[in-house]
Amino acid sequence: MHTSTNQFIQNYVRIYSNSIKAATTVCCCGSPFNSLPVDSIMIRLLLILFVSLFSFTTLNAQKKMTIKKRFKEAHAAIKAGSGQENIERILLDSMALPTTTDKQRAEGYNLCALLQQSQNEGLNMKAYLKQNLDTVKLYQTVLKIYDYTQRSDSVDESDKYENKNIKLRALHRDNLLGGGKFLLRKSQWSEAYPFFDMFLKTCTTDLDSVIGRVAYWATICGMNENNPYHVLEHVDKAIALTSEAERPALAEYKARSYVHIGDSAKWLEILDEGVDLYPGYSFFFLNLMDYYMRHGEIERGLARTDSLVRSDVDRAMYWFAMSMFALAQGDYEKCINMSEECLKREPDNIDALYNKGISLLNMTLAEIDSAKRRVLYRYALEPMERVRELTPDDIDRWGNPLYRIYLNLNMGKKFEEIDKMLEKHFGKSQHSEETKKTPIPENYTGSNTIDKQFVKD
């Protein structure tokens with residue numbers, strides 16, 4: 001027994017003896033101590049003490065022996081090539097004990113990695129012998145090897161296992177990437193991501209072209225599994241190192257991910273940057289303009305769009321945005337002019353056709369002269385019918401505007417057709433018999449949400 005332990009016992013016995021002697025002098029007549037000599041009582045108490053101390057020291061020794069035994073069993077399982085999974089679970093339980101030291105954990109995690117290596121070799125032998133093979137399990141052993149060696153390194157203060165872990169990871173570097181690509185091809189996004197993530201987090205001397213590609217795959221996995229944090233983990237690296245053609249879509253994924261996590265400031269920042277960086281990619285511009293519209297920042301939107309039009313006069317969506325802001329301001333003539341500039345470049349731009357038609361309809365509300373009002377309806381007819389032609393199923397958009405046009409131009413057959421369509425669509429007639437015979441009320445705005453927002457009362 002250790003010297004300090006002996007000294008502790010001696011001190012404890014001396015103190016405890018004095019306490020017992022004092023206690024026996026005040027024992028009541030019925031106490032069992034009264035029938036025993038003081039020395040006998042002390043001997044019994046000392047025996048209890050020794051048993052307790054022995055049990056304590058033995059338990060600690062057993063714990064140490066248990067971990068050593070587990071390590072020994074792990075080595076045996078690795079050598080035998082069997083029983084790896086069971087001993088791995090036992091080892092992990094030992095690693096979780098608060099009494100386990102970091103030194104022991106470094107060795108234990110290294111052994112777990114070697115157990116996975118043993119399983120990997122067994123599965124590879126199956127592949128060599130052309131036996132039934134669980135390919136996913138094979139690749140999972142590679143991911144676990146990386147995981148365990150990383151854990152081992154994190155607690156290995158003496159770096160005893162560093163070189164062993166580095167060599168073990170290097171052995172499976174290509175297989176780590178292969179596992180991710182295998183699962184990616186099967187569209188198993190959540191399962192593929194950890195492989196790419198681990199590959200990128202353990203990069204040392206890999207080429208930028210390889211890193212960029214893997215970062216791209218990791219981002220794609222994050223987007224498809226609807227995990228914004230996985231997207232944001234590697235998207236910047238993907239944007240920096242992938243081809244120019246792929247960057248706009250990656251930037252879009254980045255923007256969408258910030259919306260997903262509720263960071264509107266970053267969302268707006270990326271949109272604004274994207275407008276300048278990727279002018280041919282409409283996502284950034286249209287969403288930025290939508291932001292200005294929804295937040296009532298019309299002048300800001302106009303200023304931004306005007307500067308863009310000056311730099312690229314042939315981009316149709318810039319002219320459409322100008323028409324949208326003009327419509328919101330109630331400047332219908334400007335909206336028509338901007339819509340026509342857009343249509344010169346994109347003749348079938350549905351939104352520009354719609355804005356032009358709605359502006360003309362709104363102008364009829366302020367026109368007193370019936371002949372001039374009829375001319376405006378005739379001008380509105382062509383773009384609204386074209387909207388219907390291009391979006392035949394979107395009756396909410398073109399239904400009520402065309403009803404109004406056909407009614408005021410006395411286009412009987414077309415009016416009856418649209419009236420029946422609206423009645424069927426909405427479940428009831430849109431107007432009374434009296435209304436059908438007279439012009440639509442001046443405050444009529446239609447049923448479409450956009451109509452209600454932009455058509456002047």
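Every number in this text was worked out from the coordinates using simple rules, so none of it is lab data. None of these values were measured; they are calculated from a predicted model. Backbone-built Cβ (ideal geometry, glycine too); neighbour counts: all protein chains shown.
Each residue of the stretch 250-331 gets 81 Å³ once the volume of the Cα convex hull is shared out per residue. Spin-label pair residue 306-residue 367: with each label point 7 Å from Cα along the Cα-Cβ axis, the two points sit 2.9 nm from one another.
The slack in the chain from residue 236 to residue 394, taken as 0.36 nm per residue of separation less the alpha-carbon distance, amounts to 53.0 nm.
Summing +1 for each Lys or Arg and -1 for each Asp or Glu among the other residues whose beta-carbon sits under 11 angstrom from that of residue 116 gives -2. This ranking places 135, 141, 99 by how few other beta-carbon atoms lie within 10 Å of each, fewest first, which gives 99, 135, 141. For the stretch 384-399, putting each phi into the Karplus relation 6.51 cos²θ - 1.76 cosθ + 1.60 with θ = phi - 60° gives couplings of 6, 5, 5, 4, 4, 4, 7, 10, x, 8, 9, 5, 4, 7, 9, x Hz, in residue order, rounded to whole numbers and with x for Gly and Pro.
Remark: the stretch 166-264 carries a charge dipole of roughly 340 debye about the Cα centre, counting +1 on each Lys and Arg Cβ and -1 on each Asp and Glu Cβ. Residues 78, 418, arranged from fewest to most other Cβ atoms within 10 angstrom of their Cβ, appear as 78, 418. Calculate the translational D of the stretch 208-268 in whole µm² s⁻¹ from Stokes-Einstein, where the hydrodynamic radius comes from the Kirkwood formula applied to all Cα pairs, the temperature is 4 °C and the viscosity 1.567 mPa s. Taking Rh from Cα pairs, D becomes 116 µm²/s.
Computed from point charges on the beta carbon alone (+1 for Lys and Arg, -1 for Asp and Glu), the dipole magnitude for the stretch 66-171 about its Cα centre is near 340 Debye. Near residue 158, within a Cβ-to-Cβ distance under 15 Å, what is the net charge of the other residues, with Lys and Arg +1 and Asp and Glu -1? Counting the neighbours of residue 158, the net charge comes to -3. The loop-placed chymotrypsin sites (Phe, Trp or Tyr not before Pro) in the stretch 102-162, going by DSSP, include none that has at most 10 neighbouring Cβ atoms within 10 Å of its Cβ. Going from the fewest other Cβ atoms within 10 Å to the most, the residues 107, 385, 417 appear in the order 417, 385, 107. For residue 251, the shell of other residues with beta-carbons less than 14 Å away shows a net charge of -3, using +1 for Lys and Arg and -1 for Asp and Glu. Over the residues of the stretch 66-171, compute the C-alpha Rg and express it relative to 2.2 N^0.38 Å. Normalised Cα radius of gyration, the stretch 66-171: 1.07. Sequence neighbours fewer than 8 away in the same chain don't count; with that in mind, list the aspartates and glutamates whose C-alpha is under 13 Å from residue 72. List returned: 88, 107. Straight-line cross-link partners of residue 237 among the aspartates and glutamates, defined as a Cα under 13 Å from its Cα and at least 8 positions apart when in the same chain: 197, 208, 246.
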